[in-house]
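Every number in this text was worked out from the coordinates using simple rules, so none of it is lab data. None of these values were measured; they are calculated from a predicted model. Cβ placement follows ideal geometry from the backbone for every residue including glycine, while neighbour counts extend to all protein chains displayed.
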Amino acid sequence: MGFANLCIEDEIEIYFNGELLPIDQATITDERATRILARFRTPVDAPEAFGAHWFRFHLDPTQGQNTLEIKTLNQEKTATFLRTLNGLELKTQFKDFTRPEGLETDRVPPTAP
């Protein structure tokens with residue numbers, strides 16, 4: 001999940017299906033140097049970059065409906081900017097993938113490089 005303008009001194013808790021995801025088990029990517037190159041149609045006083053932190057967790061597979069909760073416990077007092085969740089990405093893998101009907105073709109052998 002990607003947080004825009006997160007203060008790393010903020011205290012947050014992240015829950016997946018009611019279970020706390022320990023922050024120290026996340027892979028955290030700090031992308032504060034990311035630049036957004038765009039042409040605005042009107043003059044805008046806005047920075048060409050933004051602060052983003054991505055938190056990546058490896059989760060056990062679940063089926064059905066899943067719930068993600070983010071709780072803010074404490075915000076750093078000197079950081080007065082708005083914190084927002086900027087994106088959420090889910091990567092799924094299927095252990096036993098069954099081919100859809102109608103795609104009954106033989107496997108293609110790999111070619112040598």
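Overview of results
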quantity	calculated
Positive minus negative residues near Gln25 (Lys, Arg vs Asp, Glu; Cβ under 14 Å)	-3
Formal net charge of residues neighbouring Gln75 (Cβ-Cβ distance under 10 Å; K, R +1; D, E -1)	-2
